[in-house]
1. Looking at (1) under 23 Å from A:Asn256 (Cα atoms); (2) surrounded by 24 or more Cβ atoms within 10 Å (Cβ to Cβ); (3) small (Gly, Ala, Ser), which is the one condition that is false for A:Ala162?
2. For B:Ile40, are the conditions met, namely being buried (at least 24 other Cβ atoms within 10 Å of the Cβ), over 15 Å from the mean Cα position of the chain (by Cα), at pLDDT 95 or above and farther than 28 Å from C:Ser81 by Cβ?
3. Filter the range A:19-58 down to the residues that are among the polar types (S, T, N, Q) and more than 8 Å from chain C (Cβ to nearest Cβ) and list them by number.
4. Would you check which residues across the range A:187-200 are within 15 Å of A:Glu238 (Cα to Cα) and either in contact with a strand residue (DSSP E or B) (Cβ under 7 Å, 6 or more places away or on another chain) or hydroxyl-bearing (Ser, Thr, Tyr) (or both) and list them?
5. Identify all residues within the range B:68-82 that are among the polar types (S, T, N, Q) and either buried (at least 22 other Cβ atoms within 10 Å of the Cβ) or within 13 Å of B:Thr25 (Cα to Cα) (or both); write none if there are none.
6. One residue is enough: does the range B:200-217 have a residue meeting the conditions without any contact (Cβ under 8 Å) to a residue 24 or more places away in the chain and farther than 16 Å from B:Gly102 by Cα?
7. What about C:Val169, is it in contact with a Phe, Trp or Tyr (Cβ under 9 Å, 6 or more places away or on another chain) and either among the small types (Gly, Ala, Ser) or modelled with pLDDT of 95 or more (or both)?
8. Using the structure shown, decide if B:Thr25 is of a type outside the set (D, E, K, R), more than 19 Å from B:Ala212 (Cα to Cα) and buried (at least 22 other Cβ atoms within 10 Å of the Cβ).
Amino acid sequence: MIEAAKIWLDVQSIRARAPLVHNITNYVVMNTTANALLCIGASPVMAHAGEEVEEMIGLTRSVGGALVINIGTLSQKWIASMSAAMRAAKTLNVPIVFDPVGAGATTLRTNTCHKLLGDVSPTIIRGNASEIMALLDSHIQTKGVDSSEGAPLALDSAKALAARYHCVVCVSGEVDIITNGSDHVTIRNGHAMMARVTGLGCTATALIAAFAAVNPNPLDAAAHGMAVMGIAGEMAAEKAVGPGTLQLHFYDALYNLSREEIVKRLK
Amino acid sequence: MIEAAKIWLDVQSIRARAPLVHNITNYVVMNTTANALLCIGASPVMAHAGEEVEEMIGLTRSVGGALVINIGTLSQKWIASMSAAMRAAKTLNVPIVFDPVGAGATTLRTNTCHKLLGDVSPTIIRGNASEIMALLDSHIQTKGVDSSEGAPLALDSAKALAARYHCVVCVSGEVDIITNGSDHVTIRNGHAMMARVTGLGCTATALIAAFAAVNPNPLDAAAHGMAVMGIAGEMAAEKAVGPGTLQLHFYDALYNLSREEIVKRLK
Amino acid sequence: MIEAAKIWLDVQSIRARAPLVHNITNYVVMNTTANALLCIGASPVMAHAGEEVEEMIGLTRSVGGALVINIGTLSQKWIASMSAAMRAAKTLNVPIVFDPVGAGATTLRTNTCHKLLGDVSPTIIRGNASEIMALLDSHIQTKGVDSSEGAPLALDSAKALAARYHCVVCVSGEVDIITNGSDHVTIRNGHAMMARVTGLGCTATALIAAFAAVNPNPLDAAAHGMAVMGIAGEMAAEKAVGPGTLQLHFYDALYNLSREEIVKRLK
């Protein structure tokens, strides 16, 4: 059961502690996810060189933070750095949030996910229904990076994936499903136009990492992150004329997010 | 002869079919071109790894789509992936739209264009006058990625380049020229302030790819893409205070583009 | 002593001459710094391939311009290209503006700065207080890419660093300090919300490069760039609801910057 008061507590913690969120992410969203993290009150850093990712994880550990691994624009060197960063984060108990962008679209993406997740179990996996199902069953092919599956099968897939990797799985969609394999919660916030802004799924992953940095319960952290994502999206949609203005007001909504808005809007 | 009704038909097709546009493009514009594609109704994907580009082209073929090759921030591995993607696209009849960003500025860029275009003839090449002329004659040096040549010589160069590669060539500028080597059309839409937003040329290329995915006539596809580009730019400029707000409203204009706006504004 | 009339003279020069600013910079800010350069009137180009950076410096020299080196998302090949570009720029007297993003956060970043700066002394170094102090003393560890040090020690560190590399050092913060090792000036423009937009420090570096391309006095160029940065930030903050709208209006403010605004706001 998600409570507005607990979401607000996490938002206040993020603003007070400015957790360091280390992102190894795709080129498309580096700027937009960094901005979303700054707007919610976190401190983003992007670092992908093999020579520095472990040291950056050490720094993340010492000041408090989390790691984002996002496979949106893969290549071999980046995969090696993702692997090294995940191992270091696991050793140092830094929360890991994993985004399997486009899993199911190509063998490279699906196999890379299986390898990385097989080596190091993350704290939270967030994807759309197609991606989550492709992680579970390699025979499903998705259409690029947008979701091609509805929610019906999503809960079962999410639970099975959570059980396999002993982690929390978040399936984002019209209704967001978050499960640890046994319990699950749903979030019904958000707006349809958000699908027309590139990388808002990746932004959700980054925000979840900020919440995971301040909240030791990964089910709550993922749910709180998705709720804030959806609420800020609704606030932005009310002022938006199209996806351009939606993105813009989304940042401002994160920055100005108040207890009242969360209480009023949480579904 | 470009007709508003036919442009509108293509826009409706893109919105209905959401063609997959596979981009191997430069770091500067990955986010902005993905957003423009989403706003017009297409489904963008960015993938550059040698291990996945051919499979992504296969997916693009199976769901309907097009390939964008944009050389704006080159390096050797990316060139190899561009080459592999273009060959796969040619084999599978996936339309290829090529953007020779900064051709003429450095030997690497000019030679890379000659090599890629010599191996696989694209469906459409779009560049500014300097770039198109540099592709035709290697002795011309351009000033970085902005155009340093006016339109007078552009038509002759475009026709010669189209004849050389048996493709459609689009020269964007104050007046856009689109030719298949024999016929040509011109588009007079757009706004001067668009030159002060980075990557709107690359955005034109990406939009043309969305049109090429739904319209089998490349001359029409390129002309329709440029017309929509210019019309959305005019709509945005009417609300803009500067290049920041221009970019923002440009996205919204693509998203809200109506038959009426096209009919009213097409020049 | 910074004078509004001299800042305005530089702005007019940039608008009239559109200097080419060659950026080897990080993935996060490529789009935003290109847009800021276009808005102030410069002509940005991004090129990082080892095969083309020297030729691009030659072009930059021939049309008038400057080089930006920004280490925000490092990897070995990029470091090699940065080194080659800096050597070529030094040989051809192209101004070099260096941004040590995250120096002090990892050994790779700190050592890369020491190596690059030890090989080729830049014209101007711009960083926050943490970064500047980390360049001076390798034992300081900074928290990611945001500043963790205040201004008190900043002036001494800046002067010492300027003396070591015979260059101008700019420490940005609530009060910006610019020194050539003996003289120094301060700029008190800007707005606190600017710290919540990613890459505005990198944008300051890019703008300084545009000023360095038209003003042969590096102390003045850096100070004028920082003043314009702060003034445009103040103009944007007056219209902004949050960091999203701040970024947007910042671009428009650069584009619309007038002599009157500079005179009225310069502190």
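1. Result: A:Ala162 fails condition (1) only.
2. No; evaluated as a whole, the condition is false for this residue.
3. The answer is A:Asn23, A:Thr25, A:Asn26, A:Thr32, A:Thr33.
4. Hits for the range A:187-200: nothing passes.
5. Going residue by residue through the range B:68-82, those that are among the polar types (S, T, N, Q) are B:70, B:73, B:75-76, B:81.
Correct list: B:Asn70, B:Thr73, B:Ser75, B:Ser81.
6. Scanning the range B:200-217 turns up at least one residue that is without any contact (Cβ under 8 Å) to a residue 24 or more places away in the chain and farther than 16 Å from B:Gly102 by Cα.
7. Here the answer is no, as C:Val169 does not meet what is asked.
8. no
The values are calculated or read from the model by the stated rules, or taken from the named source; none is laboratory data. Please read these numbers as outputs of a predicted model, since none were measured by experiment. Note that each Cβ is placed from the backbone with ideal geometry, even for glycine, and that neighbours are counted across all protein chains shown.
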